[in-house]
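This structure is in structure tokens; I'll ask about it shortly.
Laboratory data are not the source of any read-out in this text; all were calculated from the coordinates shown. Because the structure is predicted, anything quoted here is derived from the model rather than measured. For neighbour counting, all protein chains shown are included, and Cβ atoms are generated from backbone atoms with ideal geometry for every residue, glycine included.
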Amino acid sequence: MSEQVLKISDFNVDFWVDGVWYPAVIDMNLELNAGKVTAIVGESGSGKSTTALGLMSLLASNARMSGSVQVKQEEMLNANSATLRKFRGREVAYIFQEPMTALNPVYTIGFQIVETLRNHFDMGPTQAHERALELITLVDIPEPEKSINKYPHQLSGGQRQRAMIAQALACDPGLLVADEPTTALDVTVQAEILDLMRGLKDKLNSAILLITHDMGVVADMADEILVMKDGVTVERGSADQIFNNPQHPYTQQLLGAVPKLGSTKKRTMPYSESAKPAPVLKLTDVTIEYPKRGRIPAFTAVKNFNLEIYPGEIVGLVGESGSGKTTVGRASIGLLPIKTGSIEIVGKDISHATQKDLFSIRRHTGIVFQDPASSLNPRLPIGESIGEPIFLAKIAKGDALAHMIEDLLDQVELPRSYRNRYPHELSGGQRQRVGIARALALTPDLLIADEPTSALDVSVQARFLDLLQELQEKLKFACLFISHDLAVVDILSHRIAVMQNGLLVEEGDRDAILLNPKNDYTRRLISAVPVPDPAEQRIRREARLAAKK
Amino acid sequence: MNENNSVEGDSAEISLIERETQGLSQSQIVRKRFFRHRGAMVSIFVLTSIIGLVYSALDAKYFGVRIPGWWKYSIEDLPELTLGQCKDGLVGCPTLSVVPNFLGGNGVHLGDHPFGQDDIGRDYLALVMRGAQRSLMVTFIIGAIAGVIGTVVGAISGFYRGWIDAILMRFTDFIITVPTIIIGSVIGFHFGNLGVAFLAFYLGLFGWTGLSRLVRGEFLTLREREFVDAARVAGATNRRIIFKHILPNAVGIIIVSVTLLMSGAILLETALSYLGFGVVAPDVSLGSLISQYQESFTTRPWLFWYPGLFIIVIALSINFIGDGLRDAFDPRQRRRLTRKDRDRAKLGSKTGVQK
């Protein structure tokens, strides 16, 4: 029997909002032993992050907690700040979701690790520096001697997360709280980080409290799982139990909403191979360059890119961050100038079009942006946001416009009364529906969807994808669907194009790409996608490790 | 929201629901929210009453037509110094009394010289009224001109960047290097007889620099947001993007800056009057009254009180109206967590642990 690290009993958190106590966590019970991983799973707003922050009394001043939280048999709840300081970092360490914001940008990563060390131990600067170097080597950051003096912005996303982990491990904490540690990372990097965390856990015998919404990550890591909904723990059990025999309907629904690779049936192409219609979007030898700015040299984001999209089909564009997929999407509707090559939309060349030409071409296109929070003007009621393209195209005004807005809201299944609301009053999924309604306002021939689901919960994402598919079948627009998530692309698309470092590495029918990938990179991308199945994950993990050796 | 509904009663709520499906434009919603802002509404009322009171007090001549004011003295009249309610051998005290007899006061009446008289016997109410007229005019002219120029220059250079930005910002730098006081005194020296409005106009032409810098910074960040791209894809022209999409998002900063500018304008005008270039005697402004009588603060404080009171009330009203505008444009305004709430929350957490 290994040592018990964390014991939470009858833990409650409420928030005081506008004169009322809103419960965020209700009667939470949890025990965690050294060397084990417990995952808390739930969608946004379920109270999982609140639990994590509540453990160390890091919640805002309008929160109230009750119950008991014991770390190594010592009570943490309402402990005085001296005790808390001793425990924070020393016994309990946090890995935050976004390493760019969790690391201080004006200090080197070495400095930040040394700071943690010297806060907790009586250590000289040289000694602490040596230990920091040791930690950086431990988390596999390349060239530790050089990297220790680097600032967070000089590291890649994966390396930053490694630096965060190194800082968290600085004092050999008994408990690691990882709050969505891989959400901001690419799948291949995510797999590496998860491998690293697992390795370190075994080496240092720490306990990990993993908080995530990603069922694939949970399947990869967790020994025990708690499923939370609206603050209540609805189900708990071992990983095998939860994944193979979920009892609670919410767990079943959550698992059902996770898109799985290769689970959708074959889709008929909207056109026959022999008689292809004229393409809606045609990119020929497109090269896009971000010009030199000050001392930063020019950067070629996309090189010699060729792609054609035909009416009525959905083409998935997949790649990791920095591969240039968003650049392609934005250039395709004339938001970015291209250096060489040509882009044609419904037969019109937009690469050298004037503002006036673009204005008429854009009537045939629509775009759904990645982040619905930033793509809707926060000061504009959503009805006006949706109606703007129609108004500007001078199709309708006044009452006629109001009717069209109502129709569009109906189409994306939002209540008509929402038209006077501001974007912040809507949930993420609703906002993204507004984004679609706006993109479809002019009934475009081509829709560009730039990672529209990456900010959404799985169940919301599932509903959103259904809606998009329905609309596509009804309105028959062509769609370029940009995503980093192969499973999502699998559900939607007829064809798939894979990008790496600005190059198109593979392109073809969905089934040809997913079942029989020719390119090495595509294969790696597919194998790194976490699947919500612990057994399958284990097999893959071993294969990955074997390949490494 | 909820609280307002329950306060306003059920009928208001029902009509609200009925109206909810009706589309409203951004400006309609902003107007509605502005009218609901209590502080701003009260301030608008106060400010308009002050303007009405002040401008109707004295005889005025518009386009050759003489309009008589409601107050019997003008600033040129020299009535004899009266005792007023003075006690310690002083003369020219205010005759205004607001405490009724039954409360032990002298009853509510204006008297002959409600605000007292200055050292040569001029009626102080007349002086304050004229001063307030001048100060209000200076404030609004400077605020309007500097506000418009600053916003437009900042918006254009922040939105277009590149060489337009470089030229406009170097021009701004140039204006910043010229001290306003010196400009004011030079203008006052050469054109002093053209009147206060002219001076205010010129000061406005030089007072927009800070605002334009702030607006430019705000535009530089806002133009990178995705909703600007979304508007462009929807077919919006640059002008529409600047005024319809970005400007409402920058309104907070503009309003804060312009209200500060307007309060500052009162002081600037005072400084220039002190140098003798703003409002030339026998004309007065609130600032010149205060600086003129600052030595009499201990002996005859009313010469200080009344112009001071008017400055404070005007500046506060402008600030509250600005607040109301900002809140109306910002849809994310929420009720702040007051100290009382926090105390209650703390109390709750204690009882929560005990249970």
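Could you work out the relative contact order of chain A, using alpha carbon pairs under 8 angstrom and six or more residues apart, expressed as a whole percent?
15
At what distance in nm do the modelled label points of residue B:220 and residue B:178 sit from each other, each positioned 7 Å from its Cα along Cα→Cβ?
If labels sit at residue B:220 and residue B:178, their model points lie 2.5 nm apart.
Also, I was wondering about something else. What list of ³J(HN,Hα) values in whole Hz, one per residue of the range A:84-101 in order, does the Karplus curve 6.51 cos²θ - 1.76 cosθ + 1.60 (θ = phi - 60°) give from phi, with Gly and Pro shown as x?
Once rounded to whole Hz, the list reads 4, 4, 4, 7, 5, x, 7, 9, 10, 10, 10, 10, 8, 5, 10, x, 5, 8.
Where does helix A:458-475 land angle-wise versus the long Cα axis of chain A, in degrees 0 to 90, nearest 10?
0
How do A:240, A:220, B:77 line up, fewest other C-beta atoms within 10 Å first?
Least crowded to most crowded, the residues run B:77, A:240, A:220.
Same structure again: Using +1 on the beta carbon of Lys and Arg, -1 on that of Asp and Glu, and nothing else charged, what's the dipole of the range A:105-158 about the Cα centre, debye to 20?
Roughly 140 debye for the range A:105-158.
Under 5 Å between amide H atoms, partner at least 5 residues away or on a different chain: which partners does residue B:60 have, H built in plane at 1.01 Å?
Excluding prolines and chain starts, which carry no amide H, the hits are B:67, B:69.
Using a Förster radius of 60 Å, what is the FRET efficiency between residue A:10 and residue A:516 based on their Cβ-Cβ separation? Nearest 0.05, please.
Numbers: r = 54 Å, r/R0 = 0.90.
The formula returns an efficiency of 0.65 here.
Report, to the nearest 10°, how far helix A:398-411 tilts away from the longest principal axis of the Cα atoms in chain A, using its own Cα long axis and a range of 0 to 90°.
Helix A:398-411 sits roughly 60 degrees off the main axis of chain A.
The range A:76-186: percent of C-alpha pairs farther apart than 25 Å? Don't skip to the answer; put the middle values down first.
Details: 1065 of 6105 pairs.
Everything past 25 Å amounts to 17 percent.
List the pairs from A:48/A:146; A:36/A:229; A:86/A:203; A:356/B:244 whose alpha-carbon separation is above 30 Å, in the order I gave them. Intermediate values should be presented prior to the final figure.
Working: A:48/A:146 37 Å; A:36/A:229 23 Å; A:86/A:203 24 Å; A:356/B:244 20 Å.
A:48/A:146, as the Cα separations exceed 30 Å there.
Taking amide H atoms as placed 1.01 Å from N in the peptide plane, list the residues 5 or more away in sequence, or in a different chain, whose amide H sits under 5 Å from that of residue A:177.
Amide H to amide H, under 5 Å and 5 or more residues apart or across chains, residue A:177 pairs with A:93, A:94, A:95, A:209.
Also, I was wondering about something else. If I take R0 = 41 Å and measure r between the Cβ atoms of residue B:80 and residue B:190 in this structure, what FRET efficiency does the formula 1/(1 + (r/R0)^6) give, to the nearest 0.05? Walk me through the intermediate numbers first.
Numbers: r = 39 Å, r/R0 = 0.95.
Once rounded, the FRET efficiency stands at 0.55.
Moving on. Give me a single rounded figure for B:242-249: the average over its residues of other chain Cβ atoms within 10 Å of their Cβ. The partial results should precede the final answer.
Numbers: counts 0, 0, 5, 5, 2, 1, 4, 4.
What the average comes to for B:242-249 is 3.
Could you pull out which residues in the range A:142-156 have an amide N less than 20 Å from a spot 7 Å beyond the Cα of residue A:295, following the Cα-Cβ vector?
A:146-156
Between residue B:312 and residue A:107, with labels modelled 7 Å along Cα→Cβ, what's the label distance in nm to one decimal, could you check?
4.7
List the aspartates and glutamates whose alpha-carbon lies under 20 Å from that of residue A:150, not counting same-chain residues fewer than 8 positions away?
By straight Cα distance, residue A:150 reaches A:98, A:115, A:130, A:134, A:140.
Related question: Check the straight Cα-Cα distances from residue A:339 and name the aspartates and glutamates below 17 Å, setting aside those fewer than 8 residues away within the same chain.
Cross-link targets: A:285, A:289, A:349.
Starting from the Cα-Cα distance between residue B:240 and residue B:35, subtract it from 0.36 nm times their residue separation and give me the gain in nm to one decimal.
71.2 nm
I would also like to ask the following. Please identify which residues in the range A:113-138 have an amide N closer than 18 Å to a label point set 7 Å out from the Cα of residue A:72, following the Cα→Cβ vector.
A:116-123
Using θ = phi - 60° and the Karplus form 6.51 cos²θ - 1.76 cosθ + 1.60, what ³J(HN,Hα) does each residue of the range B:114-126 get, whole Hz, x for Gly and Pro?
My calculation for the range B:114-126 gives x, 9, x, 10, 7, 5, 9, x, 5, 6, 6, 4, 4 Hz in order.
Turning to a different aspect of this structure: To make sure I understand, if each residue's beta carbon is the centre and we count other beta carbons within 10 Å, what order do A:115, A:130, B:269, B:76 fall in, fewest to most?
In increasing order of surrounding Cβ atoms, one gets B:76, A:130, A:115, B:269.
Continuing with this model, one more query. If packing is taken as the mean number of other Cβ atoms within 10 Å per residue, what is the order of A:430-438, A:38-46, highest first?
Values: A:430-438: 25.8, A:38-46: 21.7.
Top of the packing list down: A:430-438, A:38-46.
Rg and Dmax of chain A over Cα atoms: what are they, in angstrom?
Using the Cα atoms of chain A, the pair Rg, Dmax is 25.2, 77 Å.
Follow-up. Taking amide hydrogens as modeled 1.01 Å from N in the peptide plane, which residues meet the under 5 Å criterion relative to residue A:448, leaving out close sequence neighbours?
The answer is A:366, A:367, A:368, A:480.
Also, quick follow-up: For an R0 of 25 angstrom, estimate the FRET efficiency from the Cβ-Cβ distance between residue A:82 and residue A:123 and round to the nearest 0.05.
Step by step, r from the Cβ atoms, then E = 0.80.
For peptide A:369-378, what's the mean number of Cβ atoms from other chains within 10 Å of each residue's Cβ?
Average per residue, whole number: 5.
Other chains near A:53-64: what is the mean number of their Cβ atoms within 10 Å of each residue's Cβ?
Mean inter-chain Cβ contacts per residue within 10 Å come to 2.
Starting with the highest mean, order B:110-116, A:60-66 by the number of other Cβ atoms within 10 Å, averaged over the residues of each peptide.
Going by the mean number of other Cβ atoms within 10 Å, highest first, we get B:110-116, A:60-66.
How do B:176-185, B:117-126, A:505-514 rank on mean C-beta neighbours within 10 Å, highest first?
Averaged packing, sorted descending, gives the order B:117-126, A:505-514, B:176-185.
Normalising by the residue count of the range A:161-236, find the relative contact order in percent from Cα pairs under 8 Å and 6+ residues apart.
Relative contact order here is 30 percent.
Students often get this wrong, so check it: of A:7/A:201; A:201/A:260; A:282/A:303, which have C-alpha atoms separated by over 21 Å?
A:201/A:260
While we're here: Return the whole-Å distance between the Cα centroid of the range A:228-252 and the Cα centroid of the range A:449-507.
Result: 28 Å between the Cα centres.
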